[in-house]
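Worksheet for the structure shown next.
The values are calculated or read from the model by the stated rules, or taken from the named source; none is laboratory data. Note that the structure is predicted; figures quoted are calculated from it, not measured. Glycine gets a Cβ as well: all are built from the backbone with ideal geometry, and neighbour counts include every protein chain shown. Side chains are part of the model used for accessible areas, which takes the heavy atoms of the whole protein and leaves out ligands, DNA and RNA. Shrake-Rupley method; radii C 1.70, N 1.55, O 1.52, S 1.80 Å.
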Amino acid sequence: MTDAVKVGFVPFSAAPRGVLVVFCDDTLKFGPATIKALGTAANAVKRAATMNQFKGKSGATLDILAPEGLKVGRLIVVGAGKLASLKDSDFIKLGGKVAAKISAGTEAVTVLAELPSGAMKGSQAALIASGIRLRAYRFVRYKTKKKDGDNAPLRTQFSIAVADAAAARKAFTPENHVVDGVLIARELVNEPPNVLFPAEFARRATQLRKLGVKVDVLDVKAMTKLGMGALLGVSQGSEHDGRTVIMRWNGGKPGEQPIAFVGKGVCFDTGGISIKPAGSMEDMKGDMGGAACVVGLMHALAARKAKVNVVGAIGLVENMPDGNAQRPGDIVTSMSGQTIEIINTDAEGRLVLADVLWYVAQKHKPKFMIDLATLTGAIMVALGVEYAGMFSNDDKLAERLTTAGQETGERVWRMPLGPENDKPNGRQHASRKYNGSGNGGSITAAQFLQRVVDE
């Protein structure tokens, strides 16, 4: 992972080094340990706040160079806003604000984890640390000049001063594994498509075996034997053969029914014969974001030794337009036995997922499945970029996901499903068709997938 920062915890009594970061509320008040650490420099903060119209709003920052009375090169004051409204996700954001103010070449930063109401809890300091790591991440592997600015990775030691360092370390351990999973997903999404094609993606997924995850890779021969005609139809136009990867973490009771996560892994999506416009097509290397999330999730679960049985499954293909590519009008047979008439080859994700969802449902019999996919841009037309679209045939599960999204800041918005939207999936020459255009495109895609999961 491209993650060069180091984060540790020290007691409040530790002498600050390099850059000192402190927090205030929206009345510019500090906690007692912060006031003690600032000493006479508190007066400089007041003057600078007045000059810069800094009012301590959440996420606002005040930067003071060589503050008089402090043995540090810089003092950064970060506003926490109204303390009564702070949520756990806000501490991650505050950590991100801290990292955003640190430039390459900074060797050491001390973050005083205290609010005006007193020392942050160990869990809150851990979230600050998580936010620092998440925001400090930079993908610079292929940069030829890495000396300054955004091209340079941060190689900074962040020391978070807390009231109870042992408690903060204990709280940070599981959070740190989650951050590792996020960074793994980011690395996969950021890799160029000439590097991360299906076989290489599958190889990287097998590295989870080091953590005790059981990983099986299905090649073309195995998928053909299983009847995965929908997935194989998408990949047949690429010189890089498709793969399906099944990852299993057995941390729960032996024999206990697992839960399943399924990810779309289109390593590059040209649209196939129904080719996309050239503008921004380079972003289609990210059409495997769902699969990247599943791999990152499996890492986090295994590293945390999560007490649950989980199946992670990803379908990996390239959607390319060569002479062997799938054509509009082709009819393929999915693993479920249903035939599908191809209308638009740029609606390929649901074909990949149809076979993987069926495989997982039939072979592993999970309690429920959560499918993660960059399935269609139609959802962004409806919701923008602040919410992920969620479709569900289970009200209780949908409520739980909505609650989890609110608590973590990763919000989802439930979209409708209904039999009326099955009509566009009907076709004269096959059981179903699939099309990437028309009104309600994201709903049509979800209805298509709902029909292959047997409720």
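For the stretch 272-291, what are the residues that are open to solvent by less than 30 Å² (accessible area, probe 1.4 Å), closer than 15 Å to Pro193 by Cα and in contact with a strand residue (DSSP E or B) (Cβ under 7 Å, 6 or more places away or on another chain)?
Answer for the stretch 272-291, where residues must be open to solvent by less than 30 Å² (accessible area, probe 1.4 Å), closer than 15 Å to Pro193 by Cα and in contact with a strand residue (DSSP E or B) (Cβ under 7 Å, 6 or more places away or on another chain): Asp287, Met288, Ala291.
Sort out which residues of the stretch 101-114 are part of a strand (DSSP E or B) and surrounded by fewer than 21 Cβ atoms within 10 Å (Cβ to Cβ), and write them in order of number.
Correct list: Ala108 only.
Which numbered condition trips up Ala168, out of (1) more than 30 Å from Glu239 (Cβ to Cβ); (2) in a helix (DSSP H, G or I); (3) open to solvent by 10 Å² or more (accessible area, probe 1.4 Å)?
Looking at each condition in turn, Ala168 falls short on (3).
Is it true that Thr224 is modelled with pLDDT under 95 and either touching a Cys at 6+ places or on another chain (Cβ under 9 Å) or open to solvent by 70 Å² or more (accessible area, probe 1.4 Å) (or both)?
no
Criterion first (part of a loop (DSSP other than H, G, I, E, B), under 20 Å from the mean Cα position of the chain (by Cα) and either modelled with pLDDT of 95 or more or not polar (S, T, N, Q) (or both)) does Leu196 satisfy it?
yes
Can Leu134 be described as in the same structural domain as Ser58 (by the TED database), in a helix (DSSP H, G or I) and under 16 Å from Leu183 (Cβ atoms)?
Yes.
Among (1) under 30 Å from Arg17 (Cα atoms); (2) under 25 Å from the mean Cα position of the chain (by Cα); (3) hydroxyl-bearing (Ser, Thr, Tyr), where does Ser159 come up short?
Of (1) under 30 Å from Arg17 (Cα atoms); (2) under 25 Å from the mean Cα position of the chain (by Cα); (3) hydroxyl-bearing (Ser, Thr, Tyr), only one is false for Ser159: (2).
Of all residues in the stretch 46-73, which are open to solvent by less than 40 Å² (accessible area, probe 1.4 Å) and not in a loop (DSSP other than H, G, I, E, B)?
Ala48, Ala49, Leu62, Ile64
Go through (1) of a type in the set (Gly, Ala, Ser); (2) assigned by the TED database to the domain that holds Lys121; (3) open to solvent by less than 50 Å² (accessible area, probe 1.4 Å) and name the single condition Ala185 misses.
(2)
Starting from residues that are part of a loop (DSSP other than H, G, I, E, B) and not acidic (Asp, Glu), keep the ones in the stretch 242-257 and report whichever is most open to solvent (accessible area, probe 1.4 Å).
Lys253
If we keep just the residues of the stretch 144-165 that are open to solvent by 50 Å² or more (accessible area, probe 1.4 Å) and touching a helix residue (DSSP H, G or I) at 6+ places or on another chain (Cβ under 7 Å), which is modelled with the highest pLDDT?
By that ranking, first place goes to Asp164.
Restricting the stretch 341-391 to residues that are in contact with a helix residue (DSSP H, G or I) (Cβ under 9 Å, 6 or more places away or on another chain) and polar (S, T, N, Q), which is least open to solvent (accessible area, probe 1.4 Å)?
Thr345
Considering only residues that are in contact (Cβ under 8 Å) with a residue 60 or more places away in the chain and open to solvent by 60 Å² or more (accessible area, probe 1.4 Å), look in the stretch 74-100 and name the one that is farthest from the chain's Cα centre (by Cα).
Residue satisfying both the conditions and the ranking: Lys87.
Please go through (1) more than 26 Å from the chain's Cα centre (by Cα); (2) open to solvent by 40 Å² or more (accessible area, probe 1.4 Å); (3) farther than 19 Å from Leu127 by Cβ for Val217 and return the number of the only condition it doesn't satisfy.
Failing condition for Val217: (1).
Could you grab me the full set of residues in the stretch 115-132 that are in contact (Cβ under 8 Å) with a residue 60 or more places away in the chain and surrounded by fewer than 24 Cβ atoms within 10 Å (Cβ to Cβ)?
Leu115, Pro116, Ser117, Gly118, Ala119
Looking only at residues in the stretch 327-350 that are assigned to a loop (DSSP other than H, G, I, E, B) and of a type in the set (Gly, Ala, Ser), which one is nearest to Thr374 (Cα to Cα)?
The residue in question is Ala347.
Under the condition of being in contact with a Leu (Cβ under 8 Å, 6 or more places away or on another chain) and of a type outside the set (A, V, I, L, M), which residue from the stretch 297-319 is surrounded by the fewest Cβ atoms within 10 Å (Cβ to Cβ)?
Restricting to residues being in contact with a Leu (Cβ under 8 Å, 6 or more places away or on another chain) and of a type outside the set (A, V, I, L, M), the top hit is His299.
Going through the stretch 320-329 one residue at a time, which ones are closer than 10 Å to Gln236 by Cβ and crowded, with 16+ Cβ neighbours inside 10 Å?
Answer for the stretch 320-329, where residues must be closer than 10 Å to Gln236 by Cβ and crowded, with 16+ Cβ neighbours inside 10 Å: Met320, Ala325, Gln326.
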